[in-house]
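The values are calculated or read from the model by the stated rules, or taken from the named source; none is laboratory data. On a predicted model such as this, the values are computed, not experimentally measured, just so you know. Note that we place each Cβ from the backbone using ideal geometry, even for glycine, and neighbour counts take in every protein chain shown.
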């Protein structure tokens, strides 16, 4: 009996401490981003490089989007899905670069609680949309190459709309649930050792167990892995079909190699950031950690339109034709 007495006050004290911590979380209205601590001496250089990169992303993606919209000959499923991929690139980077450029001009990098959740939602949605759109594009290429006679029967305008709806609504809904589960958690900290907010960094400050968040995260990972496996299966079937004829190999090179390169690059750079999140204790410099974390916000948005624009003849011709038309108009003026 004497051994049980002290345990009750200790338990009550523990509860009081947790309760007090949870009460203090109502005062956490700002997050402090510490990812730029090693850039103080070169902020102007990083600002210039970031601004050039963002302007390049906007230019190349808008060029491809406008070209596909204006050219009736490009109103085909493959180009429509490519246009969606470029829109997603603009969407994801819009949630990152403007805030980064502001932080590079500030002495203290802070973001509001709502702003942090919003940024995490936009970036998280963009990553999931990228995978979904790449999955849809691999299915489109599979039907076009492995079932060419049935392509227009299977991939109808209604099917294209449904696939586009899936590739956007599914990630938006899943990301909304993810952020909602995060927003319900009381937080006991406000330090984020990155240059942008992400879901894992916010959840790590939770005062309560995050079991539900972990289970939900594992379910999402399983779904993403299944999509990657579906992409891999589609390309295995495409390769088997294409190697049988010279015409098939040419078609594979022109339309599938760019998609394959895009997919490999995106999965690779996303894997870097994921592994970093799992093992944040890895002894690497802050600049290196930042470089690994932002690759999926830099490389795919730049390379996606460039890879397709340089390799797909229809798009290349359309872009050159528009450029020549503008030159002729300027000369006449």
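How many of the residues making up region 51-68 are within 18 Å of the chain's Cα centre (by Cα) and over 16 Å from residue 90 (Cβ atoms)?
Matching residues across region 51-68 total 0.
Take the conditions in a helix (DSSP H, G or I) and closer than 30 Å to residue 112 by Cβ and apply them to residue 175. Does it pass?
For residue 175, the condition - in a helix (DSSP H, G or I) and closer than 30 Å to residue 112 by Cβ - is met.
What are the residues in region 143-158 that are part of a helix (DSSP H, G or I) and either touching a residue at least 12 places away in the same chain (Cβ under 8 Å) or crowded, with 19+ Cβ neighbours inside 10 Å (or both), if any?
143, 144, 145, 146, listed by residue number.
May I ask you to say which residue of 102, 85 is surrounded by 15 or more Cβ atoms within 10 Å (Cβ to Cβ) and assigned to a helix (DSSP H, G or I)?
Answer to the check: 85.
Tell me which of these residue 133 doesn't satisfy, since it passes every other one: (1) in contact with a helix residue (DSSP H, G or I) (Cβ under 8 Å, 6 or more places away or on another chain); (2) in contact (Cβ under 8 Å) with a residue 60 or more places away in the chain.
Tallying (1) in contact with a helix residue (DSSP H, G or I) (Cβ under 8 Å, 6 or more places away or on another chain); (2) in contact (Cβ under 8 Å) with a residue 60 or more places away in the chain, residue 133 fails exactly one: (2).
Criterion first (at pLDDT below 95 and under 22 Å from residue 295 (Cα atoms)) does residue 74 satisfy it?
The answer is no for residue 74.
Looking at residue 46 and the list (1) modelled with pLDDT under 90; (2) in contact with a helix residue (DSSP H, G or I) (Cβ under 8 Å, 6 or more places away or on another chain); (3) loosely packed, with under 14 Cβ neighbours inside 10 Å, which single condition is not satisfied?
(3)
Quick check: is even one residue across region 189-196 surrounded by fewer than 17 Cβ atoms within 10 Å (Cβ to Cβ), outside any helix (DSSP H, G or I) and in contact with a strand residue (DSSP E or B) (Cβ under 8 Å, 6 or more places away or on another chain)?
yes
Hey, among the residues in region 161-177 that are closer than 24 Å to residue 233 by Cα and buried (at least 19 other Cβ atoms within 10 Å of the Cβ), which one's farthest from the chain's Cα centre (by Cα)?
So the residue we want is 163.
Please go through (1) more than 18 Å from the chain's Cα centre (by Cα); (2) closer than 29 Å to residue 260 by Cα for residue 191 and return the number of the only condition it doesn't satisfy.
Of the numbered conditions (1) more than 18 Å from the chain's Cα centre (by Cα); (2) closer than 29 Å to residue 260 by Cα, the odd one out for residue 191 is (2).
For region 178-187, does any single residue satisfy the condition of being in contact (Cβ under 8 Å) with a residue 40 or more places away in the chain, within 30 Å of residue 140 (Cα to Cα), buried (at least 18 other Cβ atoms within 10 Å of the Cβ) and within 18 Å of the chain's Cα centre (by Cα)?
Yes.
Going through region 209-230 one residue at a time, which ones are outside any helix (DSSP H, G or I) and in contact with a helix residue (DSSP H, G or I) (Cβ under 8 Å, 6 or more places away or on another chain)?
Residue satisfying the conditions is 210 alone.
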